[in-house]
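See structure below.
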Amino acid sequence: MMELKWTSKALSYLVRLYDFLAQVNKQVAARIVQSLTAAQARLKEYPRIGEKLEELEPREVRRILVNHFEMRCEIQESKIYLSRIWHTTEER
């Protein structure tokens, strides 16, 4: 099984997302953050799940959708780096 590492950018987004949603509903905020963090178990088991982003080759970057959030991860040797998370309605 591959090792998964979160980048500081992905972790800070997760914290900001929880803080923002918790102002309205703490249970919903916790459930959304939990669904995003639960995705890491699937990534460790199936690291090449999701769409490969050909435009970023030669790096192996994949796009995974979890609910209404896009997660980007990059595979490097035996490690998976979870690099970005954002809501699919955000302009990117």
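Couple of notes before you dig in:
- Number of residues in the stretch 9-27 that are out of contact with any helix residue (DSSP H, G or I) (no Cβ under 7 Å at 6 or more places or on another chain), touching a residue at least 24 places away in the same chain (Cβ under 8 Å) and closer than 13 Å to residue 37 by Cα equals 2.
- Residues in the stretch 61-84 that are among the β-branched types (Val, Ile, Thr) and touching a Cys at 6+ places or on another chain (Cβ under 9 Å) were compared, and the one that is surrounded by the most Cβ atoms within 10 Å (Cβ to Cβ) is 80.
- From the list 53, 36, the lone residue that is among the hydrophobic types (A, V, I, L, M, F, W, C) and more than 11 Å from the chain's Cα centre (by Cα) is 53.
- For the stretch 45-60, a residue qualifies if it is open to solvent by less than 70 Å² (accessible area, probe 1.4 Å) and closer than 17 Å to residue 3 by Cβ, and the qualifying residues are 47, 49, 60.
The values are calculated or read from the model by the stated rules, or taken from the named source; none is laboratory data. Note that the coordinates shown come from a computational prediction; the quantities given were computed from them, not determined experimentally. Counting neighbours? That spans all protein chains shown, and the Cβs are built from the backbone with ideal geometry, glycine included. Heads up: the accessible areas ignore ligands, DNA and RNA and are worked out on the full protein's heavy atoms, side chains in. Shrake-Rupley method; radii C 1.70, N 1.55, O 1.52, S 1.80 Å.
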